[in-house]
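Report on the following structure.
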């Protein structure tokens, strides 16, 4: 069993962070993981993406052109990566910023107004965590409670941010459960 | 201590500290700047020295000086930075001092690019600097292995009184994987009284040590080179490390690949096996000394028709593979040097094209 998740958006949306949290969760569950960032000359606000590979055996090539799932936080990321997702994968679309679909009928498309939900919660910064919550709840890629635990660990040094991030995960989950 | 998720570059920094290296001089360059970033924070915590030099040339000479005083030292850089340090590497090799270099290779030549590359194979294994010297070169294929190699590098550098180089690439540096750190090693080079100019009053030995690389007398220089050669020959005897994969099958092709590229090859071997086509791999973990014997032996297996070298450059290790196989089987090469890591599908096409 191996699966890959592409998280993509623009710099500043916390894309690398949610990839990190998922990788951490999978590691805690006992899987082999690799987290590969996009790195290169990039301007502030430019595109950022990372790939998380989760496997029950040592990971061979960590460079994957066709990920199983995609979490797209902005328009260019969806356009770029949606065609590459494997059939039956989950495609989370941040519908607050993206007004098109994946144009695929063989994937599980999930519209999540992540920025709007985050704003309602009190900070647009948690839009990434909303998307993560929605993705995990829909794909069942990891145990939701363990994700909550790993988010708490991530913010261990900024404890006052934990409640809003927990709420963000929960709101994401709610969206994922509406079919 | 359990597993933690860590970026290769940061893990390399932490591994050096745990190996008892508390002196780090460096100059930032992508794709390894996180080592310096990490150590600028960590070194003061453990009472070590973090020094951002004015250039890589200065770094090389700071390492030379500090090692000459008996300090355990290391640096990290990327290709163009290593070129600038190469003069010092030659001097350090001649003066027989232990220093650990980590090269998180980027594409070249010149400023090249910053994506994964193995284009410094020649630089690391055949020279870079001038003169008859060799580095002990290790190439990790995962973050965990990078940690282990960095921790092994210091005792090896001290055993041979010779620079050791870890040859990684942008993927190893940038990727996060679970790592587990072994226990701390001792904090001082145990044999430093044999070579360090650390003051006669602090030393057990009464013999003065001299750090130098100038031998104007032909006989003395000859003698010096023979001493160095004896060390390199001993490395060939004692330090060859490699990993073999799928060797217990009747493989038709033997793949030789290292570092990041070898991970792609592992997937390739698994996928080809699923198609009923057996291939095997020898992955050199030391690039110098090179696993010549094991490669030759593996190539000679009756089922093996060809040897294929895969590397992220325009064909460098292939020369050592040819040298190892000694004409017993055809040796082919495939690689890419722009920073794009070939996909398993692409490699499978290439392998099939040789049949």
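The values are calculated or read from the model by the stated rules, or taken from the named source; none is laboratory data. Computed from a predicted model, the values in this text were never measured in an experiment. Note that we place each Cβ from the backbone using ideal geometry, even for glycine, and neighbour counts take in every protein chain shown.
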Filter pass, residue A:59 being more than 27 Å from residue A:123 (Cα to Cα), within 10 Å of chain B (Cβ to nearest Cβ) and touching a helix residue (DSSP H, G or I) at 6+ places or on another chain (Cβ under 8 Å): yes
Lone unmet requirement of (1) buried (at least 19 other Cβ atoms within 10 Å of the Cβ); (2) farther than 19 Å from residue A:138 by Cβ; (3) within 14 Å of chain B (Cβ to nearest Cβ) for residue A:52: (2)
Do we have residue A:91 as closer than 25 Å to residue A:177 by Cα, within 14 Å of another protein chain (Cβ to nearest Cβ), surrounded by 19 or more Cβ atoms within 10 Å (Cβ to Cβ) and in contact with a helix residue (DSSP H, G or I) (Cβ under 8 Å, 6 or more places away or on another chain) here? no
Output the strands (runs of 3 or more DSSP E) that fall wholly within the stretch B:135-207 and possess 1 or more residues being within 19 Å of residue B:36 (Cβ to Cβ) and within 14 Å of chain A (Cβ to nearest Cβ), or say none. B:164-169, B:176-179
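Per-residue answers, yes or no, for (1) at pLDDT 95 or above; (2) under 17 Å from the mean Cα position of the chain (by Cα); (3) surrounded by fewer than 20 Cβ atoms within 10 Å (Cβ to Cβ); (4) in a strand (DSSP E or B):
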{"site": "B:2", "(1), (2), (3), (4)": "no, no, yes, no"}
{"site": "B:6", "(1), (2), (3), (4)": "yes, no, no, yes"}
{"site": "B:12", "(1), (2), (3), (4)": "yes, yes, no, no"}
{"site": "B:34", "(1), (2), (3), (4)": "yes, no, no, no"}
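Every residue, every condition in (1) at pLDDT 95 or above; (2) within 15 Å of the chain's Cα centre (by Cα); (3) farther than 19 Å from residue A:8 by Cα, yes or no:
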| residue | (1), (2), (3) |
| --- | --- |
| A:110 | yes, yes, no |
| A:114 | yes, yes, no |
| A:124 | yes, no, no |
| A:127 | yes, yes, no |
| A:141 | yes, yes, no |
| A:144 | yes, yes, yes |
| A:164 | yes, no, yes |
| A:174 | yes, no, yes |
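Considering B:308, B:295, B:269, B:282, which residue is modelled with pLDDT of 95 or more and within 14 Å of chain A (Cβ to nearest Cβ)?
Working: B:308 fails: within 14 Å of chain A (Cβ to nearest Cβ); B:295 fails: within 14 Å of chain A (Cβ to nearest Cβ); B:282 fails: within 14 Å of chain A (Cβ to nearest Cβ).
Matching residue, one of B:308, B:295, B:269, B:282: B:269.
Rundown of residues vs (1) touching a residue at least 24 places away in the same chain (Cβ under 8 Å); (2) farther than 30 Å from residue B:133 by Cβ, yes/no style:
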position: B:242; (1), (2): yes, no
position: B:252; (1), (2): yes, yes
position: B:258; (1), (2): yes, no
position: B:268; (1), (2): yes, yes
position: B:273; (1), (2): yes, yes
position: B:304; (1), (2): yes, yes
position: B:319; (1), (2): no, no
position: B:329; (1), (2): yes, yes
position: B:337; (1), (2): yes, no
If residue A:32 passes every condition in (1) within 12 Å of chain B (Cβ to nearest Cβ); (2) under 25 Å from residue B:269 (Cα atoms); (3) crowded, with 20+ Cβ neighbours inside 10 Å but one, which one does it miss? (3)
Please give the number of the condition residue A:96 fails out of (1) within 30 Å of residue B:269 (Cβ to Cβ); (2) more than 9 Å from chain B (Cβ to nearest Cβ); (3) at pLDDT 95 or above. (1)
For the stretch B:312-325, does any single residue satisfy the condition of being assigned to a loop (DSSP other than H, G, I, E, B), buried (at least 16 other Cβ atoms within 10 Å of the Cβ), within 13 Å of chain A (Cβ to nearest Cβ) and out of contact with any strand residue (DSSP E or B) (no Cβ under 9 Å at 6 or more places or on another chain)? no
Restricting attention to the stretch B:262-278, the residues that are touching a strand residue (DSSP E or B) at 6+ places or on another chain (Cβ under 7 Å) and farther than 30 Å from residue B:165 by Cα number exactly 1
Just one of B:345, B:302 is in the same structural domain as residue B:266 (by TED's automatic domain parsing), surrounded by fewer than 17 Cβ atoms within 10 Å (Cβ to Cβ) and under 30 Å from residue A:39 (Cα atoms); which is it? B:345
Just one of (1) in a loop (DSSP other than H, G, I, E, B); (2) in contact with a helix residue (DSSP H, G or I) (Cβ under 7 Å, 6 or more places away or on another chain); (3) within 14 Å of chain A (Cβ to nearest Cβ) trips up residue B:339, so point out which. (2)
Would you call residue A:37 crowded, with 16+ Cβ neighbours inside 10 Å, under 17 Å from the mean Cα position of the chain (by Cα) and within 11 Å of chain B (Cβ to nearest Cβ)? yes
